[in-house]
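Enquirer: The structure that follows is given in the form of structure tokens.
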Amino acid sequence: QGEIALQRGTTAGTTTQKRDGMALQAMASYALPVAELEKYKPVVSGSYTYVSGDKSASGSPDNNHKNSAWNPMFENQGGGTIYNSIFNLSNLQILNATVSASPIADVTTSLSWNGLWAAQKLTAGTQAGIATTSLVQPDGSSFSPQVTSNKALGSEYDANVAYQYTEDVKFGLNLGWFVPGRAFTAANHDIATQAIASVGVNF
């Protein structure tokens, strides 16, 4: 399946700026037809997501500059992943590959990889002026890391286990690792990790 979305319009306020953003996504999944593994319900899936970046190096709002960066507004892409927490969904290319299986009744497991690249070339330095390089901190504030002109933002690896205890109660566990890419200098090259345990109850 695929989807394309366009953003058009003019910002309101003291400075007007035209918006010209685009996003597209393609997704596919395939149940592996292996008789020996049929009871485990193995499925491989993949997706490609593109959200445009601002073609201007400064990205400053002015009456003469058309902002081509995708405005994420209210997005729900990549929920539960590290990259979704630290990157704004703008100026990104995201490639995903996932394999999932059900080893025993009511238990689903999956392993996934997400590769991230900037859609527009970054400007080396502390502040590139492109939305992707403003990382979101846990308290909601932003931080501008040291970046290079390389587009490779990094890779994330996730392992998930879900247990459907009853029809209305579900337990989950996620382990994730985000490895920064060559877009970041050595000063911002530490691996980020997370462990999330969850309980879902439907009323």
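Enquirer: Mean residue ellipticity at 222 nm from the helices of the chain, using -39,500 (n - 2.57) per DSSP H segment of n ≥ 4 over the full residue count, to the nearest 500 deg cm²/dmol?
Expert: -500 deg cm²/dmol
Enquirer: Next question. Using only the alpha-carbon atoms of the chain as identical scatterers, what base-10 log of I(q)/I(0) does the Debye formula give at q = 0.10, 0.12, 0.17 Å⁻¹?
Expert: The calculated log intensity ratios at q = 0.10, 0.12, 0.17 Å⁻¹ are -0.52, -0.72, -1.19.
Enquirer: Then there is this: Provide the gained length on full extension for the span ILE4 to MET22, in nm with one decimal, where the gain is 0.36 nm per separating residue minus the Cα-Cα distance.
Expert: Once the chain is fully extended between ILE4 and MET22, it gains 5.7 nm.
Enquirer: From the protein chains alone at 1.4 Å, what is the descending order of accessible area for PHE203, PHE143, PHE178, PHE74, largest first?
Expert: The ranking, largest first, comes out as PHE203, PHE74, PHE143, PHE178.
Enquirer: A follow-up question, please. Considering only the other residues whose Cβ falls under 15 Å of the Cβ of GLY78, what net charge follows from Lys and Arg at +1 and Asp and Glu at -1?
Expert: Taking every Cβ under 15 Å from that of GLY78, the sum is -3.
Enquirer: Right, something else. Reachable lysines from LYS18, Cα under 17 Å, same-chain residues fewer than 8 places away excluded?
Expert: Reachable lysines: LYS55, LYS66.
Enquirer: Counting heavy atoms of the protein chains only and a 1.4 Å probe, report the per residue accessible area for the chain as a whole number of Å².
Expert: 59 Å²
Enquirer: A further question follows. Peptides 188-197, 152-161, 104-113: what's the order by average Cβ count within 10 Å, highest mean first?
Expert: In descending order of packing, they fall as 152-161, 104-113, 188-197.
Enquirer: To continue, here is another question. For a quick check of understanding: with a 1.4 angstrom probe and all protein chains in place, what accessible area in square angstrom does TYR83 have, to the nearest ten?
Expert: So the heavy atoms of TYR83 present about 20 Å² to solvent.
Enquirer: Next question. Kirkwood hydrodynamic radius (Cα pairs, Å) of region 157-199?
Expert: After inverting the pairwise mean of 1/r, the radius is 12.3 Å.
Enquirer: Run down the aspartates and glutamates and flag those whose C-alpha is under 15 Å from the C-alpha of LYS41, throwing out any fewer than 8 positions away in its chain.
Expert: Filter leaves ASP106.
Enquirer: Leaving ligands, DNA and RNA out of it, rank LEU122, LEU6 by accessible area with a 1.4 Å probe, largest first.
Expert: Output order, biggest surface exposure first: LEU6, LEU122.
The values are calculated or read from the model by the stated rules, or taken from the named source; none is laboratory data. From a predicted model like this one, the values you see are computed outputs, not experimental measurements. Quick reminder, even Gly has a Cβ in these numbers, built from the backbone with ideal geometry, and neighbours come from all protein chains shown. Side chains included, ligands, DNA and RNA excluded: accessible areas come from the protein's heavy atoms. Shrake-Rupley method; radii C 1.70, N 1.55, O 1.52, S 1.80 Å.
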